[in-house]
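Just so it is clear, none of the values below were taken in a lab; they were calculated from the coordinates. What you see is a predicted model; the values in this text were computed from it and never measured. Reconstructed Cβ throughout: ideal geometry from the backbone, glycine too, with neighbour counts over all protein chains shown.
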Amino acid sequence: MADSTNIEIRPATVADVPRLLELIRGLAAYEKLSSEVIATEAQLRQHLFGPHPAAQVRLASVSGETVGFALFFRNFSTFLGRPGIYLEDVFVVPEFRGHGVGRALLAAVARVAVEQNCGRMEWSVLDWNEPAIRFYKSLGAAPMSQWTVYRMTREAIENLAGS
């Protein structure tokens, strides 16, 4: 099993795309959203490793087995006047939870934020995911209860763009 001495965190490469997609599907199953995963390996290769990468990925491995990932990208705070990091997803396979893998992934993303002089890191968590909420609070994260997340689907974006 994992302990902090045998967890390896590294940037993903294009060769990791098949395993990354497996982990994404694992996250979707955990969140009861499997039907929403339409991502393909080709899309991940294009958008994560093509000429204009949209996000970065860190992978967590224990004894050579890839057991988790964090996918994140830069954003910008107009109030702080500085970049930030938005953590889109973090996931650890169930049998490796509670052994420091998630913490190691978030620490790796935090180091990127420090290196890039970011003012903050942000992410969303499903309101029913109490284990994740407790974990994030234990790291010093605070819920932004006064904010509501809004989302536009591709169809809504196209409708707005065409108006």
Seminar exercise, completed: Under 5 Å from the placed amide H of Asn75, counting only residues 5+ away or on other chains, we find Gly84, Ile85, Tyr86
Exercise. Within segment 2-55, which trypsin sites (Lys or Arg not before Pro) sit in a loop by DSSP and count at most 12 neighbouring Cβ atoms inside 10 Å?
Worked result: Lys32
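Could you tell me the relative contact order of the chain? Use alpha-carbon pairs under 8 Å, at least six residues apart, and round to a whole percent.
Result for the chain is 21 percent.
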Problem set entry | Karplus (6.51, -1.76, 1.60) ³J(HN,Hα), θ = phi - 60°, over segment 117-133, in Hz, Gly and Pro reported as x | 6, 6, x, 6, 10, 9, 6, 10, 9, 5, 5, 8, 7, 4, x, 5, 4
Seminar exercise, completed: Phi angles of segment 73-79, converted by Karplus (6.51 cos²θ - 1.76 cosθ + 1.60, θ = phi - 60°) into ³J(HN,Hα) in whole Hz with x for Gly and Pro, give 8, 7, 10, 9, 9, 5, 5
Exercise. Which of the trypsin sites (Lys or Arg not before Pro) found in segment 84-163 are loop residues per DSSP with 12 or fewer other Cβ atoms within 10 Å of their Cβ?
Worked result: Arg151
Exercise. Which of the chymotrypsin sites (Phe, Trp or Tyr not before Pro) found in segment 57-125 are loop residues per DSSP with 11 or fewer other Cβ atoms within 10 Å of their Cβ?
Worked result: Phe79
For this session: Note down the net charge around Arg134, summing +1 for each Lys or Arg and -1 for each Asp or Glu among other residues with Cβ under 15 Å from its Cβ.
Result: +1
Seminar exercise, completed: Summed over the other residues with a beta carbon less than 13 angstrom from that of Ala12, with K and R at +1 and D and E at -1, the charge totals -1
Exercise. Under the rule of -39500 (n - 2.57) per DSSP H run of 4 or more residues, summed and divided by the residues of the chain, what mean residue ellipticity at 222 nm is obtained, to the nearest 500 deg cm²/dmol?
Worked result: -10000 deg cm²/dmol
Exercise. At a Förster radius of 25 Å, what calculated FRET efficiency corresponds to the Cβ-Cβ distance of Gln43 and Gln146, to the nearest 0.05?
Worked result: 0.15
Problem set entry | Estimated FRET transfer efficiency when R0 is 35 angstrom, pair Leu126-Thr13 (beta carbons, to 0.05) | 0.75
Exercise. Mind listing the phi-derived Karplus ³J(HN,Hα) values for segment 156-163, rounded to whole Hz, using 6.51, -1.76 and 1.60 with θ = phi - 60°, and x for any glycine or proline?
Worked result: 5, 5, 5, 4, 5, 4, x, 8
Exercise. Of the residues Leu87, Leu23, Leu139, which exhibits the maximal mean-square fluctuation in a Gaussian network model of the chain defined by a 10 Å Cα contact cut-off?
Worked result: Leu139
Problem set entry | Three-way shape call for segment 1-125 based on the alpha-carbon gyration tensor, with the a/c threshold at 1.5 | oblate
Problem set entry | Euclidean distance of C-alpha centroids, segment 66-121 and segment 123-158, integer Å | 14 Å
